Structures are given as structure tokens and as C-alpha cells.
1. Among the strands (runs of 3 or more DSSP E) confined wholly to region 26-87, which include 1 or more residues that are modelled with pLDDT of 90 or more and of a type in the set (Lys, Arg)?
2. Quick test of your reading of the structure: Glu84 fulfils all but one of (1) surrounded by 14 or more Cβ atoms within 10 Å (Cβ to Cβ); (2) on the phi > 0 side of the Ramachandran plot. Name the failing condition by number.
3. Evaluate region 24-32: report whether one residue or more is closer than 22 Å to Leu9 by Cβ, surrounded by 14 or more Cβ atoms within 10 Å (Cβ to Cβ), free of Cβ contacts under 8 Å to residues at least 60 places away in the same chain and under 17 Å from the mean Cα position of the chain (by Cα).
4. Looking only at region 10-17, decide whether some residue is over 18 Å from Ala113 (Cβ atoms) and assigned to a loop (DSSP other than H, G, I, E, B).
5. Looking at region 52-64, can you tell me whether even one residue there is surrounded by 15 or more Cβ atoms within 10 Å (Cβ to Cβ), farther than 19 Å from Pro10 by Cβ and either among the hydroxyl-bearing types (Ser, Thr, Tyr) or in contact with a Phe, Trp or Tyr (Cβ under 9 Å, 6 or more places away or on another chain) (or both)?
6. For region 88-107, give me each residue that is within 15 Å of the chain's Cα centre (by Cα) and either under 17 Å from Gln4 (Cα atoms) or polar (S, T, N, Q) (or both).
Amino acid sequence: MIRQIFVNLPIENMARSQAFFKALGLRFNPQFTNEQGACLEIAENIFAMLLVKPFFQGFTKLPISDAKQATEVLIALSCESRTEVDELVAKAVAAGATTPNAPQDHGFMYQSAFADLDGHQWEVFWMDEAAAPAQM
């Protein structure tokens, strides 16, 4: 399995952000794009999820960094199974990480998270893309 990277970025205005990245020649996956989030396809296995700030806030209990003042991201890493998600989080915790959120089962997607030693939050997930809703 080739891992995928999904970098989650908080944004102010969805239409403005999409127009900007389209002007750079990039595209969005319409299956995973709506008013709250847009899947920016960066490369074959590299994506950025552009998330409006209220939606972004639902993934963390910490305040959202102002990217003009400080930089912070949520890093999403795909796994081959739910078991691998749990095993990876357990390994991270054993190495000193903390768990900012309880695991979540969305039916088509299972996710958990850990914060590394520097506080960077990693969203570790397994997803059945065939079972994903037409639009998120």
C-alpha cells in the first residue's frame, strides 16, 4: 500500500481559496468538496483539505493558529486497516505522544489521532472510498 498525505489547512473563504488554487493550475476532487471543505489534489498521493475555520475547529480543542502569525497544520496519514490505525496510535503513545481525541467511526472512515512530541496533530485513518458519500 502506498500511503497518502492529506494536509488540513484552515481557510476564511471557500470560494476565494478554490479560485486561487485553480488559478495555479490545480484541481479539486468533487467527491470530497463542499461548502465546508475542498480536496485539493497536489500530486498522486498528496492532498490538501481546505477547511473553513468553523469546520476545521471541530478537529481540535486548541485554538486555530493564524497562519500569518504562526504556522500549524493537521497531518492526515492513511492506513491499510482500522487495526493499523489503532496500532500506529498505540506505538506513538508508547513513544511519548498524547491522544487529543477519541477514535471516531464514520462508517466509511475510521480515524484516531495523536499529538507528537512537538504537539503536531496527526490524524491517522482508514477509509473505504467506495463506501464514501457522494459529497462530504
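The values are calculated or read from the model by the stated rules, or taken from the named source; none is laboratory data. Worth saying up front: this structure is predicted, and the values here are computed from it rather than measured. Backbone-built Cβ (ideal geometry, glycine too); neighbour counts: all protein chains shown.
1. Values: elements: 27-29, 37-43, 46-52, 74-78.
Here the list reads 27-29.
2. Unmet for Glu84, out of (1) surrounded by 14 or more Cβ atoms within 10 Å (Cβ to Cβ); (2) on the phi > 0 side of the Ramachandran plot: (2).
3. Scanning region 24-32 turns up at least one residue that is closer than 22 Å to Leu9 by Cβ, surrounded by 14 or more Cβ atoms within 10 Å (Cβ to Cβ), free of Cβ contacts under 8 Å to residues at least 60 places away in the same chain and under 17 Å from the mean Cα position of the chain (by Cα).
4. Yes; the residues of region 10-17 include at least one that is over 18 Å from Ala113 (Cβ atoms) and assigned to a loop (DSSP other than H, G, I, E, B).
5. No, because not a single residue in region 52-64 is surrounded by 15 or more Cβ atoms within 10 Å (Cβ to Cβ), farther than 19 Å from Pro10 by Cβ and either among the hydroxyl-bearing types (Ser, Thr, Tyr) or in contact with a Phe, Trp or Tyr (Cβ under 9 Å, 6 or more places away or on another chain) (or both).
6. Within region 88-107, Asn101, Gln104 qualify.
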